[in-house]
1. Residues of segment 1-18 being of a type in the set (Val, Ile, Thr) and under 16 Å from Val138 (Cβ atoms), which ones?
2. Pairs under 8 Å by beta carbon, first residue among the aromatic types (Phe, Trp, Tyr) in segment 1-22, partner crowded, with 19+ Cβ neighbours inside 10 Å, six or more apart or different chains?
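Derivation of every value follows stated rules applied to the coordinates shown; laboratory data play no part. These numbers come from a predicted model, not from an experiment. Quick reminder, even Gly has a Cβ in these numbers, built from the backbone with ideal geometry, and neighbours come from all protein chains shown.
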Amino acid sequence: MMEQTLAILKPDAVRKKFSGAILARYEKEGFRICALKTRLLSKAEAEGFYAVHRERPFFASLVDFMVSGPVILVVLQKENAILAHRQLMGATDPAKAEKETLRALYGESIEYNAVHGSDSAETARFEIPYFFSTVEIVG
Ligand code: ATP
Ligand code: MG
C-alpha cells in the first residue's frame, strides 16, 4: 500500500549538518520527498506534537531539545513507508540501533537520536497535518 509518513530531522542532526546525507539516504532507499520545510518549533508545538509522552519523565527535556534549534520536517512516500522508515531509522537508542540505520550513523544518545518517524498509520494521520496543509504535499 502506498503510504506517507512524517519524518523530522531533529535539531542535533541539523546542527551537525547531517541533513543532506539523511535526505540523500531517503531517496536512495526509494522514498519520494512530497513536502519539506525548515522550522523552529515553538514550545507549544513541540508539546502538542509529543503529547502522548507528556507523563514520561523525559518529556520536559525532550521538548527543550526539540525547540533547541531548527528542525527539517519531511513527508515521505513509498510502499509501506511507515514501517520502512522506522526500519531505516533503527532503535530509539542509537547504541542499540542496527548498523547503517540513521540513528546508528547519526544519533548520539537515546534523546539526541537524529530523526523522528511516525510509528503507525494512525500516528501519521495526526502528524502530517500537524505541520503541513494538503496543498503543501505533492503526493
Ligand atoms: P520518535 O517518536 O522521535 O520517532 P521513537 O518512537 O523511537 O522516537 P519514543 O518512545 O516515541 O521513541 O520517544 C520519543 C523521543 O523521546 C525519542 O526519539 C527520544 O528523542 C526521546 N526519548 C525517548 N526515550 C527517552 C529516554 N529514556 N530519555 C530521554 N529521551 C528519550
Ligand atoms: Mg515515537
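1. Residues of segment 1-18 of a type in the set (Val, Ile, Thr): 5, 8, 14.
Thr5 - this is the single residue of segment 1-18 that is of a type in the set (Val, Ile, Thr) and under 16 Å from Val138 (Cβ atoms).
2. What qualifies is Phe18/Leu9; Phe18/Tyr106; Phe18/Ala114.
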